[in-house]
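Below you'll find the structure, written out as structure tokens, and then a few comments.
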Amino acid sequence: MYSTFEQKYERIQKELMGGAIALCGVLILGTLWYRLIEGWSWEDAAYMTVITLATVGYGETHPLGSRGRLFTIALILLGVVNISYIVNRFTEAVIQGYFQQGIRLRQQRRLMASLSEHYIICGFSRTGRQIAKEFRAEGVPFVVIDSETDSVERAQNEGYVVFQGDATLDDTLLKVGIERAICLVAALPSDAENLYTVLSAKTLNPKIRAIARASTEEALQKLQRGGADAVISPYITGGKRMAAAALRPQVLDFVDGILTGADRQLYMEEFLLDPAFCPFVGQTLQRASLRSQTGALVLAIRRLDGTLIGGPTGDTVLMPGDTLICMGTAEQLQNLNQLLGPIGSQQLRKPKNS
């Protein structure tokens, strides 16, 4: 499925191409008539056809009989109709700005083709818009998919890379580089659409992390069974946050302040320990001295088997595949990233300066 503009752009291209082919056909027809029927030379036949179609009024190259003049009249009419059609299509394209938008469209397609290790947001409703805002604040590359023209235009006006299409279709996901993406967020209004999107994404790229929105607890369970790595219910999450705001307001404000927003002083980030890059695998936290070297605080460690160690002590051993959940300033987390792996490592996502 293409956007409305893409459909119009491709239509105007086909119409202009069709008009040009038809004009060439009329030119060839006239040349063949004067050469084969009237017996003129190829040069004279082509010259007569061109001045006839151009309606410059030079007169006949050689005297014509009644049959030849009738054909010339028909040739003039064909030429006028064809040229008028081409001029009309070209004028419409200029007035509507198809050529300028076409350049922008080709640039966007090249950008999508060059995307790698990016995020995909399916759906640009209120949830999708908030996700896009957070992604922009984090400085991560992402592309938006939506089937509604109004949503696509809104995303374009806000400067996002957007593709209009049905996110449940494999073809749409392939066009936004699903095989090169690292995460997909299914924020479509329908639970069924989110389920189809997750299934398609996991089929095309089994390694991708899929996060889905669910409206009901039943949908939440089905999405988890469908392969979603994380399922978020706005109603359940919203209820929990409202309760936390009532019971522990300062804690909630602190957590919000380090998780979202572009004006943060403290950040939380996660780091995956790859033994091929991290020199501290097999060492204890005390021996690694991550806090003293960077200033960043290790809040928790997620083992490869899913076990979560909250508030690890100095005796906690760093194991291959561990995910460190750390807190600190942007500079501290960047220093920690450099310490855990070389600059060229693609295993560690660097925290962004906002």
Worksheet entry | Student exercise, segment 1-140 dipole from Lys, Arg, Asp, Glu Cβ charges, in Debye to nearest 20 | 620
Fill in: Simple spin-label estimate for residue 76 and residue 113 in nanometres, 7 Å along Cα-Cβ
4.8
Item to complete: Of the listed values (1) 24; (2) 45; (3) 19, grab the one calculated as percent of Cα pairs over 36 Å apart from the structure here.
Response: (2)
Discussion item. Through the Karplus equation 6.51 cos²θ - 1.76 cosθ + 1.60, θ set to phi - 60°, convert the phi angles of segment 182-199 into ³J(HN,Hα) values in whole Hz; use x for Gly and Pro.
Written reply: 10, 7, 10, 10, 8, 10, 6, x, 9, 5, 5, 5, 5, 5, 4, 5, 5, 4
Worksheet entry | Stokes-Einstein D for segment 110-210, Kirkwood Rh over Cα pairs, 4 °C, 1.567 mPa s (µm²/s) | 99
Discussion item. Compute, for the chain, the length of the dipole vector about the Cα centre, with Cβ point charges of +1 (Lys, Arg) and -1 (Asp, Glu) only. Units Debye, rounded to 20.
Written reply: 300
Worksheet, complete the sentence: Net charge (Lys, Arg +1; Asp, Glu -1) of residues whose beta-carbon lies under 12 Å from that of residue 215, residue 215 excluded, is -2
Discussion item. Per residue, how large is the accessible surface of segment 74-188? Use a 1.4 angstrom probe and give square angstrom.
Written reply: 50
Item to complete: Take every DSSP beta bridge with both residues inside the chain and express the antiparallel ones as a percent of the total, to the nearest 5.
Response: 45
Practice prompt. Provide the solvent-accessible area of residue 235, counting protein heavy atoms only and rolling a 1.4 Å probe, rounded to the nearest 10 Å².
Written response: 150
Worksheet, complete the sentence: The rounded separation in angstrom of the Cα centers of segment 87-140 and segment 220-283 is 29
Worksheet item: What percentages, rounded to whole numbers, describe P(r) for segment 158-232 computed over all alpha carbon pairs with 10 Å bin width beginning at zero?
Response: 22, 54, 22, 2
Discussion item. Can you give me the Kirkwood hydrodynamic radius for segment 149-298, using every pair of distinct Cα atoms, in Å to one decimal?
Written reply: 18.7
Practice prompt. Quick one: angle between helix 249-259 and the longest Cα principal axis of the chain, in degrees between 0 and 90, rounded to 10, please.
Written response: 50
Worksheet, complete the sentence: Rounded to a whole %, the carbon-and-sulfur portion of the accessible area of segment 185-301 at a 1.4 Å probe is 56
Worksheet item: With charges set only on the Cβ (+1 for Lys and Arg, -1 for Asp and Glu), what does the dipole of segment 265-331 come to about its Cα centre, in debye to the nearest 20?
Response: 160
Fill in: Cα gyration tensor, segment 48-190 - rounded (a/c under 1.5), prolate or oblate
prolate
Discussion item. Past the 14 angstrom mark, what percentage of all C-alpha to C-alpha distances in segment 52-135 do you count?
Written reply: 79
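The values are calculated or read from the model by the stated rules, or taken from the named source; none is laboratory data. Here the structure is a predicted model, which means the values were calculated and not measured. Virtual Cβ from ideal backbone geometry, glycine too; neighbours counted across all protein chains shown. In case anyone asks, the SASA skips ligands and DNA or RNA and just uses the protein heavy atoms, side chains included. Shrake-Rupley method; radii C 1.70, N 1.55, O 1.52, S 1.80 Å.
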